[in-house]
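These notes concern the structure reproduced below.
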Amino acid sequence: MLEKINIEDIKKLALEAGEAILKIYKKDFNVDYKDDKSPLTEADLKSNEIICSKLNELYPNIPIMSEENKQVEYVLRKNWEYYWCVDPIDGTKEFIKKNDEFTVNIALIHHDTPVLGVVYAPALGDMYSAKSEYGSFKNGKKLPLYVNNKANEKLTVVASKSHLSNETKDFINSLDAKEIEQVSKGSSLKLCMVAEGIADIYPRLAPTMEWDTAAADAIVREAGKMTYQFGLNQPIVYNKESLLNPWFIVQ
């Protein structure tokens with residue numbers, strides 16, 4: 001199945017969704033709130049409509065899991081071989097703050113592993129993409145772009161701009177390096193920074209959902225890095241009964 005997926009089509013789709021998002025981003029818009037108190041804008045819904053309709057058109061036999069769709073019961077989706085995992089806007093809080101740090105996330109999952117990912121940051125104009133065994137790229141350049149050969153001297157840690165937990169702070173303080181630089185970033189751009197090499201580690205000791213990480217996780221893995229379950233030397237997995245991710249470390 002993977003060989004039949006043209007990643008250029010997925011990148012074009014992310015661009016199309018990004019254009020629609022930016023039209024709303026540049027004007028005044030209303031903010032609603034879902035049952036879990038997370039924010040929702042018309043841009044989330046418009047992006048979701050564009051992505052899901054196009055994916056259904058291009059690949060009608062591949063099911064879609066999106067943050068903004070009703071979720072399929074585990075008894076049915078556990079049998080999926082491949083499926084799309086979509087976050088129409090990751091970083092809605094950053095979108096609302098208008099700080100440009102939000103992304104369109106589209107991933108293809110094979111059983112429990114991300115094998116293709118596109119992360120597009122429309123306000124920044126950055127396109128990250130990866131396909132299993134083909135490598136990861138940022139704006140056409142192969143990742144990682146930077147390698148830290150002196151990690152014991154200096155570590156760059158990226159953490160959430162809107163969700164920095166006390167446990168994450170404690171973890172950062174426990175790191176063993178002579179100098180630790182901490183930077184903040186919104187959305188799945190944090191994982192992409194590790195894939196790119198401009199950050200060495202991203203600890204997330206706070207809740208996330210599978211669609212928050214799936215696309216960027218594909219990019220991380222194809223860049224030679226990994227998203228590990230916190231405290232375990234095992235990758236995080238997808239299409240679990242609970243769609244909540246465990247705490248994790250990207251490095």
Can you tell me how region 175-251 classifies by the Cα gyration tensor, rounded, prolate or oblate, using a/c under 1.5 as the rounded cut?
prolate
Can you tell me the accessible area per residue over region 93-251, all protein chains present, probe 1.4 angstrom, in square angstrom?
43 Å²
Per its Cα gyration tensor (rounded if a/c is under 1.5, else prolate when a/b beats b/c, else oblate), region 12-158 is best filed as oblate
With DSSP loop assignment and no more than 10 other C-beta atoms within 10 Å, the trypsin sites (Lys or Arg not before Pro) in region 34-73 are Lys37, Lys70
Tell me which chymotrypsin sites (Phe, Trp or Tyr not before Pro) from region 20-60 have a DSSP coil assignment and no more than 14 other beta carbons within 10 Å of their own.
Phe29
Three-way shape call for region 133-177 based on the alpha-carbon gyration tensor, with the a/c threshold at 1.5
oblate
Charge tally for neighbours of Asn61 with beta carbon under 13 Å away, counting Lys, Arg as +1 and Asp, Glu as -1, is -1
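Using a cut-off of 13 Å between beta-carbons, work out the net charge of the residues near Val158 (Lys and Arg +1, Asp and Glu -1, Val158 not included). Before the final figure, lay out each step's value.
On the way: positive: Lys161, Lys185, Lys190, Arg204, Lys225; negative: Glu101, Glu181, Glu196, Asp200.
Once all neighbours under 13 Å are counted, the net charge is +1.
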For a quick check of your reading of the filter: which GluC sites (Glu not before Pro) in region 193-251 sit in a DSSP loop and have no more than 16 other Cβ atoms within 10 Å?
Glu241
Given a 1.4 angstrom probe, I'd like the percentage of the accessible area of region 53-114 that is carbon and sulfur, rounded to a whole number.
46 percent
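The values are calculated or read from the model by the stated rules, or taken from the named source; none is laboratory data. Bear in mind that the values here come from a model prediction, so they are computed numbers and not experimental data. Don't worry about glycine lacking a Cβ; one is built from the backbone with ideal geometry, like all the others, and counts go over all protein chains shown. In case anyone asks, the SASA skips ligands and DNA or RNA and just uses the protein heavy atoms, side chains included. Shrake-Rupley method; radii C 1.70, N 1.55, O 1.52, S 1.80 Å.
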